[in-house]
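Novice: Let me give you the structure first, and then I'll get to my questions.
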């Protein structure tokens with residue numbers, strides 16, 4: 001559990017840095033834009049590895065049960081993960097879905113975290129998904145305070161094309177299907193079916 005918490009502190013901690021523009025600017029002026037992005041990437045990667053390893057270890061060691069969700073909650077999780085994958089894809093494609101949600105990545109993270117809290121009641125899961133949910137809510141609130149355009153992905157520019165939304169939905173459904181079929185078991189070690 002210590003590794004999971006350390007990973008969350010590193011990963012979410014570095015992802016909180018953009019919510020404080022003056023602090024981020026101080027790092028950029030000290031390290032340069034490339035140095036800042038490099039440090040951000042390294043800390044994120046180390047945090048992510050610790051989260052994955054720490055979560056797996058905590059679950060393997062028998063994380064204590066805080067609540068025991070009913071089996072039907074897993075079905076709700078499966079259903080709600082469909083839009084989460086669509087929102088995730090929409091974050092990287094100019095489309096009406098992206099424009100409507102403004103920050104589809106954060107909506108995807110909130111949906112992912114919330115739905116996984118519905119289906120997992122062990123301590124490690126509550127810490128993991130609860131932390132990501134809290135971060136995403138905080139980040140969204142901070143984006144509203146930072147003003148228009150804050151937090152937008154710079155490389156996603158342009159106007160939506162005629163079939164952008166259909167392509168985003170199709171890609172999200174394919175990604176969802178792959179996760180349900182094999183990827184969740186392969187990457188996470190738990191089958192969703």
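Novice: Do we have residue 171 as over 22 Å from residue 24 (Cα atoms), in contact with a helix residue (DSSP H, G or I) (Cβ under 8 Å, 6 or more places away or on another chain), surrounded by fewer than 19 Cβ atoms within 10 Å (Cβ to Cβ) and at pLDDT 95 or above here?
Specialist: So residue 171 fits the description; yes.
Novice: Looking at 11, 27, 48, which one is part of a helix (DSSP H, G or I) and crowded, with 20+ Cβ neighbours inside 10 Å?
Specialist: Of 11, 27, 48, the one residue that is part of a helix (DSSP H, G or I) and crowded, with 20+ Cβ neighbours inside 10 Å is 11.
Novice: Hey, another quick one. Determine whether region 90-100 contains at least one residue that is surrounded by fewer than 22 Cβ atoms within 10 Å (Cβ to Cβ) and modelled with pLDDT under 90.
Specialist: Yes, there is a match, as at least one residue in region 90-100 is surrounded by fewer than 22 Cβ atoms within 10 Å (Cβ to Cβ) and modelled with pLDDT under 90.
Novice: Still on this model: Can we say residue 70 is closer than 23 Å to residue 179 by Cα and outside any helix (DSSP H, G or I)?
Specialist: yes
Novice: Go through region 10-52 and count every residue that is touching a residue at least 40 places away in the same chain (Cβ under 8 Å) and in contact with a helix residue (DSSP H, G or I) (Cβ under 6 Å, 6 or more places away or on another chain).
Specialist: So the answer is 9.
Novice: Checking the conditions here, which among 87, 138, 114 is assigned to a helix (DSSP H, G or I) and either touching a strand residue (DSSP E or B) at 6+ places or on another chain (Cβ under 9 Å) or buried (at least 20 other Cβ atoms within 10 Å of the Cβ) (or both)?
Specialist: 87
The values are calculated or read from the model by the stated rules, or taken from the named source; none is laboratory data. It should be emphasised that the depicted structure is a prediction, and the values quoted were computed from it without experimental measurement. Every residue, glycine as well, gets a Cβ built from its backbone with ideal geometry; the counts of neighbours run over all protein chains shown.
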